[in-house]
Structure formats: C-alpha cells, structure tokens
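Contents: one structure, followed by commentary.
Any read-out appearing in this document is the output of simple, stated calculations on the displayed coordinates, not a laboratory observation. What you are looking at is a predicted structure, and each value in this text was computed from that prediction instead of being measured. Note that we place each Cβ from the backbone using ideal geometry, even for glycine, and neighbour counts take in every protein chain shown.
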Amino acid sequence: VIWSFYPKLLLGRRVLITCGSTREYIDPVRFISNDSSGEMGFSLARAARWLGAEVKVIAGHTTAKEPPEVEIERVVSSEDMLKAVLREFEESDIVIMNAAVADYKPKEAKKGKIKKQSSLTLELEKTTDILAELGRRKKHQMLVGFALESENLLENAMEKLKRKNLDLIVANPVDVMGAVHHRGYLIDPEGYKEFEFKTKLESAEFILKTISEFISS
Ligand code: CTP
Ligand code: CA
C-alpha cells in the first residue's frame, strides 16, 4: 500500500477526531440535525493513521464509507458526543472537532410520537459547545476546530479560534458541502494559509501535515 511510504510524523501520538452529525430527538421518530456526510472526518482519520498516529473516531450520523483502518465509536446526540469526547480527552494529544454538532436541542423529548396538529411550537435550548468546553479544559492537548461560514469566513473563523481557545481552525465556506473542490483557510493565532484541493482527502493530508509541523516545533 502507498501509505507505508508516508513519513511517520505523528508516530505514537493519540489523535481524537469527531465527525458526522448529531441528532437531537424531538420524539421517538423525529430529530433536529445538520447535513454532514462524515467524509471530511473519515479522511482526517485516514490521513492521521497514515502519518503513524493512534486514531480514535467518535462519529455521529454519517453516510460516507467508513475507513477500515481506524476505530470508530458511534454516538447519537450532542450530549452523548460530549460524554465520549470528555472520556478520551485526557489521553489525547490532538483533538480535531469536525462533527456537525446541533446548536439546539428540544427542551424535552416527547415519549410518544407527536400527533399532527394545525401548528406546532417546539421549545429549543442551546446544546453544550463541546469544543469551547475542551478549550477551557485544555492542558497539553492541541485543539483543532472547524468553522463553516456563509459570510465573513476569515473574520468569523478567527473569532472562533480565539473564543474557543484553539490552536488551529479550518475555515470552510458553506459551498464546500457536497462540492467537487474543497477549499478554505487554515488559521492559527499567528496567521493563515489558503488552500484548495480536488478532494477532501487531499485537504485532510494538508491539514494533518500542518498539525504535525505544529507538534514537532
Ligand atoms: N462545535 C461543538 N459543539 C457545538 C457546536 C459546535 O463542539 N455545540 C464545534 C464544531 O465541531 C466546530 C466548531 O465548534 O469545530 C465550530 O462550529 P460552527 O457551527 O462553525 O460554530 P458555532 O460555534 O456553533 O457558531 P455558529 O453556528 O453560530 O456559527
Ligand atoms: Ca453551529
């Protein structure tokens, strides 16, 4: 296989990656969620593995093909994901939050299926911002986030990097969802690099190589 030729820049490092979308159930058969295939997260996991890292993936709902070379733990809600991430956090060297975590969840999940009515009002509350929570708990870990923006991409992503106490953030315009080319900015507290690749896997390799430069410097 080709990947045996990769320089093992992340040998022995523990990398935790979240991906896919969380589901916040309203009743037994309905939920609030985001659009996310999991392809980026799985690509990051493969690239990290190829660089020699020990990789653990915590995945919500995904439609992309699972990479056979990494361990994947499945979760459903943002609360499940928070618990799973916190359990792994201490032992991790690098955490990449690629999951599309729902920003809101129903205040209460109904036990029975909600019957059709002329109109329906749902009360929602904010979910915990997992990444911001990790930013508060951060010690030796390198913390990498994503930002999906429809406007002011650079500015908004830089603001998230600071507010969530991250070491690196990948900023993608919303039009990368399902697009052929994958582009964006890789931003750290000192500056940024623009990138554009044909596939998410190439972007993932670029991101992981940048991460390994960080780790070794
Ligand atoms: N994130 C998280 N927990 C949440 C929401 C987001 O960990 N409850 C993480 C995402 O995985 C991503 C980063 O925060 O790495 C940014 O997500 P994004 O949706 O772009 O930003 P938000 O902070 O949620 O703000 P907004 O949606 O208003 O832009
Ligand atoms: Ca959000």
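The set of residues in the stretch 87-120 being assigned to a loop (DSSP other than H, G, I, E, B) and without any contact (Cβ under 8 Å) to a residue 24 or more places away in the chain consists of E90, K107, E108, K115, K116, Q117, S118, S119, L120.
How many residues are more than 13 Å from Y25 (Cβ to Cβ) and either hydroxyl-bearing (S, T, Y) or more than 16 Å from ligand 2 (Cβ to nearest atom) (or both) when one looks only at the stretch 97-112?
Step one: of the stretch 97-112, the residues more than 13 Å from Y25 (Cβ to Cβ) are 97-101, 103.
From what's left, either hydroxyl-bearing (S, T, Y) or more than 16 Å from ligand 2 (Cβ to nearest atom) (or both): none.
Residues that pass the stated criteria total 0.
Pairs meeting the criteria (first residue in the stretch 121-143 and within 21 Å of C19 (Cα to Cα), second residue more than 16 Å from ligand 2 (Cβ to nearest atom) and acidic (D, E), beta carbons under 6 Å, at least 6 apart or on different chains) are M142/D167; L143/D167. Just one of the listed residues (K164, K139, K160, K200) is among the charged types (D, E, K, R), in contact with an Asp or Glu (Cβ under 7 Å, 6 or more places away or on another chain) and within 28 Å of F89 (Cα to Cα), namely K200.
For Y192, state whether it is touching a residue at least 24 places away in the same chain (Cβ under 8 Å), over 23 Å from L82 (Cβ atoms) and of a type outside the set (S, T, N, Q). So that I can check it myself, show each step before the final result.
Numbers: touching a residue at least 24 places away in the same chain (Cβ under 8 Å): yes; over 23 Å from L82 (Cβ atoms): yes; of a type outside the set (S, T, N, Q): yes.
It is true that Y192 is touching a residue at least 24 places away in the same chain (Cβ under 8 Å), over 23 Å from L82 (Cβ atoms) and of a type outside the set (S, T, N, Q).
Go through the stretch 69-86 and count every residue that is of a type in the set (V, I, T) and part of a loop (DSSP other than H, G, I, E, B).
Result for the stretch 69-86: 3.
Six or more apart or on different chains, Cβ atoms under 8 Å: show the pairs whose first residue is in the stretch 48-76 and touching a residue at least 60 places away in the same chain (Cβ under 8 Å) and whose second is of a type in the set (S, T, Y) and part of a helix (DSSP H, G or I). Partner pairs satisfying both residue conditions: L51/S212. Test V76 against the criterion of being at negative phi and exposed (fewer than 14 other Cβ atoms within 10 Å of the Cβ), and give yes or no. No, not satisfied. Here is a list: D80, D93. Which entry is within 17 Å of the chain's Cα centre (by Cα), under 19 Å from R14 (Cβ atoms) and away from ligand 2 (no atom under 16 Å from the Cβ)? Only one candidate passes the filter, namely D93.
Take A48 and decide whether it is more than 12 Å from ligand 1 (Cβ to nearest atom), under 23 Å from I169 (Cβ atoms) and small (G, A, S). If you could, list the steps in order and put the result at the bottom.
Numbers: more than 12 Å from ligand 1 (Cβ to nearest atom): yes; under 23 Å from I169 (Cβ atoms): yes; small (G, A, S): yes.
Taking the combined requirement at face value, the residue satisfies it.
Among the residues examined, S217 does not qualify as more than 16 Å from ligand 2 (Cβ to nearest atom), touching a strand residue (DSSP E or B) at 6+ places or on another chain (Cβ under 8 Å), farther than 30 Å from R30 by Cβ and small (G, A, S).
Among the residues making up the stretch 54-68, those that are in contact with a helix residue (DSSP H, G or I) (Cβ under 9 Å, 6 or more places away or on another chain) and either within 15 Å of S36 (Cβ to Cβ) or in a loop (DSSP other than H, G, I, E, B) (or both) are V57, I58, A59, G60, T62, T63, A64, K65, E66, P67. Among the residues of the stretch 111-149, write down those that are more than 16 Å from ligand 1 (Cβ to nearest atom), hydrophobic (A, V, I, L, M, F, W, C) and surrounded by 10 or more Cβ atoms within 10 Å (Cβ to Cβ). Correct list: I114, L122. With respect to the numbered conditions (1) surrounded by 14 or more Cβ atoms within 10 Å (Cβ to Cβ); (2) of a type outside the set (S, T, N, Q); (3) more than 22 Å from L166 (Cα to Cα); (4) within 18 Å of the chain's Cα centre (by Cα), which one is the sole condition not fulfilled by E66? If we test E66 against (1) surrounded by 14 or more Cβ atoms within 10 Å (Cβ to Cβ); (2) of a type outside the set (S, T, N, Q); (3) more than 22 Å from L166 (Cα to Cα); (4) within 18 Å of the chain's Cα centre (by Cα), just (1) comes out false.
How about the stretch 12-43: which of its residues are away from ligand 1 (no atom under 12 Å from the Cβ), under 14 Å from I94 (Cβ atoms) and touching a residue at least 60 places away in the same chain (Cβ under 8 Å)? Residues satisfying the conditions are R13, R14, V15, L16.
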